[in-house]
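Structure, as structure tokens:
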Amino acid sequence: MGSAFFVCRKESERVRAPPFRRILHPFATKLPSIDNRIDRRPQIGYTGNNTALRRLTACQRCEGIVMGNRNIKLRQHYTAYQRWRLHNTNITLISSNCTGGCILRDLNLPFTSPFINLFIKPHDFIKLCENLEHYMGSAFHDVYSEPHPEGGVYPVALLDDIPIHFMHYSSAEEAFAQWEKRKARMDWDNIYILCTDRDGCTYEDLLRFDQLKYRHKAILCNQKYPEIQSAFYIPGFENQNSVGNIINYINDHTYKKYYDLFDYVGWFNGKLDRQRERAFVPPAGGMKFLLDFFTKKSRGSRGRSPWRCPRGPGFQRAAPFGARCGGEPREEKDMQQMGLVHIYCGNGKGKTTAAMGLALRAAGRGLPVVVAQFLKDGESGECQMLRQLPGVTVIAGNPCGKFSFQMCQEERDQTACCLTQLFREAVQKAKSPGLLVLDEICAALSGGFLQEDEVLGFLQAKPAELEVVMTGREPPERICEMADYISEIMKRRHPYDKGVPARVGIEK
């Protein structure tokens, strides 16, 4: 890779030169002092020969120079959003390399696993995970050193018969002390296993990894392996033998790193969507199938499409919520009449756009429409237009004017009270037959601002001809069970990733 310190100094000189000085002026004026701190900063706790750690520190301090100030700020907002999404916070992450430590740092989680700042080759890592309890009770022996790729050496020790490479430790004593301290924090009931296909990983290793007894396991690969359930594809390394350094940024124009392409927060929350399972793939039959599909000949008894569901092949809709709880199951609906439930979800742009388009269509047919926007101010272009139409009511609530992950506890309580009143007001104003749009209600539910049971009770007892549309990234599972439409919008590309803010008339 070359000297990281030299690269940072080179980039700092490039940024100070025109035209970058004008663009990044507030940041560029501080560059000389940053350079001095890098040159003279004492490496507390590091030995003199630990060149790799010294260079890593220099890279981290100059990251803003290399990536650009805006990208680093966007990265901070992104990691704050990831922390807000996370519900399972007592995670013991067993990782084969530094990726696990980077993820835990992004999520601001304590290190409840000893597998931090080290790496283990995949073949040995899988062997360790096959008998994890035994190896966690073993002691280190036969300490030796290996050359560091950035210069200097790092300690290696055998854990029984497994070599552990303490690549980011200055001495074996420091590594052993941290290992024992973090091993004592492990939660054996919340184990997550993370590996990559680097360092000589073979296809047989992938198959062995997939057979591990742990429920939560993932191996990040440079190719797609549909037959291996725990394999997750990381694009960008198709022409290599394995994934590269996935803790790097994808490019100079984005705040995302390669490991962000793996939805680790969804994995921790138990709601991971695999990339390969999202595509809608028509079954065999070609044009005849399409003709049959559009003439309803190939649909089931409830008019359902035989296309693959975004939740994966073979997915069957769960039993109605009432039946699962011991109550009476919901009555089957006449799909030709009003009264169905829509969910527009996913991480792509267009959920609100689709809902507002449906509201416009309903208003054009003379149906009464109520639009309630949660965690929004209700001043976007479509709301201003809808308010001018007869029979359309638009209400909104976001008393703090902030994103939910930016709120303190007092602001969250205030917002929860406001959104609860907003939901009840929207329900009271809705008319049957008619349309009720609950925009971003899924975000309000996942953020804890609304009671899920109250929304479920409304869906079960709503008027028969009231059509309900709900939007938001991650709808709760029980809400999904009540839906008749579920449309997932997946982001493939978005200007926001390049630092472009929301544009008036397009995004707001």
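The values are calculated or read from the model by the stated rules, or taken from the named source; none is laboratory data. Keep in mind that this is a model prediction, so the values were computed, not measured. Cβ: placed from backbone, ideal geometry, glycine included. Neighbour counts: every protein chain shown.
Considering each of 428, 384 in turn, give the residue that is surrounded by fewer than 14 Cβ atoms within 10 Å (Cβ to Cβ), farther than 19 Å from residue 467 by Cβ and in the same structural domain as residue 482 (by TED's automatic domain parsing). Spell out how you get there, then give the answer.
Details: 428 fails: farther than 19 Å from residue 467 by Cβ.
Residue meeting the stated conditions: 384.
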Practice task
Might you let me know whether segment 462-479 holds any residue that is of a type in the set (Asp, Glu) and closer than 22 Å to residue 379 by Cα?
Solution key: no
Exercise for the section: Look through 271, 257 and report the one residue that is of a type in the set (Lys, Arg), within 23 Å of residue 499 (Cα to Cα) and surrounded by fewer than 21 Cβ atoms within 10 Å (Cβ to Cβ). Expected result: 257
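Quickly run through segment 78-98 and pick out the residues that are among the β-branched types (Val, Ile, Thr) and surrounded by 19 or more Cβ atoms within 10 Å (Cβ to Cβ). Even if it seems obvious, please write down each step before you answer.
Going through segment 78-98, the residues among the β-branched types (Val, Ile, Thr) turn out to be 79, 89, 91-92, 94.
Passing the criteria: 91, 92, 94.
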Exercise for the section: Tally the residues that are of a type outside the set (Lys, Arg), under 15 Å from residue 443 (Cα atoms) and surrounded by fewer than 16 Cβ atoms within 10 Å (Cβ to Cβ), restricting the search to segment 402-415. Expected result: 3
Handout entry: Filtered residue count, segment 345-399, keeping only those that are more than 24 Å from residue 421 (Cα to Cα), under 27 Å from the mean Cα position of the chain (by Cα) and not β-branched (Val, Ile, Thr)
Key = 6
Fill in the blank from the handout: Note on segment 454-469: residues free of Cβ contacts under 8 Å to residues at least 40 places away in the same chain and either under 18 Å from residue 266 (Cβ atoms) or surrounded by fewer than 16 Cβ atoms within 10 Å (Cβ to Cβ) (or both) are 454, 457, 461
Exercise for the section: Note down all Cβ pairs under 6 Å where the first residue falls in segment 402-418 and is in the same structural domain as residue 451 (by TED's automatic domain parsing), the second is small (Gly, Ala, Ser), and they're at least six residues apart or on different chains. Expected result: 404/447; 405/80; 418/397
Exercise for the section: Scan segment 310-328 and give yes if some residue there is closer than 18 Å to residue 462 by Cβ, within 27 Å of the chain's Cα centre (by Cα) and either assigned to a loop (DSSP other than H, G, I, E, B) or modelled with pLDDT of 90 or more (or both), otherwise no. Expected result: no
Handout entry: Residue list for segment 484-500, restricted to those being surrounded by 11 or more Cβ atoms within 10 Å (Cβ to Cβ) and either on the phi > 0 side of the Ramachandran plot or in a loop (DSSP other than H, G, I, E, B) (or both)
Key = 484, 489, 490, 491, 494, 499
Practice task
Scan segment 99-116 residue by residue and report those that are touching a helix residue (DSSP H, G or I) at 6+ places or on another chain (Cβ under 8 Å), closer than 15 Å to residue 168 by Cα and crowded, with 19+ Cβ neighbours inside 10 Å.
Solution key: 99, 114, 115, 116
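Tell me which strands (runs of 3 or more DSSP E) are completely within segment 155-234 and hold 3 or more residues being within 28 Å of the chain's Cα centre (by Cα), or say none if there are none. Walk me through it before giving the result.
Working: elements: 162-165, 191-196, 217-221, 231-233.
Answer list for segment 155-234: 191-196, 217-221, 231-233.
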Fill in the blank from the handout: Only unsatisfied item for residue 481, checking (1) touching a helix residue (DSSP H, G or I) at 6+ places or on another chain (Cβ under 6 Å); (2) charged (D, E, K, R); (3) under 30 Å from residue 409 (Cβ atoms), is (3)
Handout entry: Selected residue (only one of 463, 476 is in the same structural domain as residue 343 (by TED's automatic domain parsing) and within 25 Å of residue 399 (Cα to Cα))
Key = 476
Exercise for the section: Pairs only if they're at least six apart or on different chains, beta carbon under 7 angstrom, first in segment 152-165 and charged (D, E, K, R), second not in a strand (DSSP E or B); list them, first residue then second. Expected result: 160/135; 160/138
Completion exercise
The condition of being surrounded by 13 or more Cβ atoms within 10 Å (Cβ to Cβ) and of a type outside the set (Asp, Glu) holds, among 472, 505, only for 472
Practice task
Considering each of 476, 433, 495 in turn, give the residue that is in contact with an Asp or Glu (Cβ under 6 Å, 6 or more places away or on another chain) and either without any contact (Cβ under 8 Å) to a residue 40 or more places away in the chain or charged (D, E, K, R) (or both).
Solution key: 476
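Suppose the filter is within 23 Å of residue 237 (Cβ to Cβ), touching a Ser or Thr at 6+ places or on another chain (Cβ under 8 Å) and among the basic types (Lys, Arg); does residue 198 pass it?
Values: within 23 Å of residue 237 (Cβ to Cβ): yes; touching a Ser or Thr at 6+ places or on another chain (Cβ under 8 Å): yes; among the basic types (Lys, Arg): yes.
Here the answer is yes, as residue 198 does meet what is asked.
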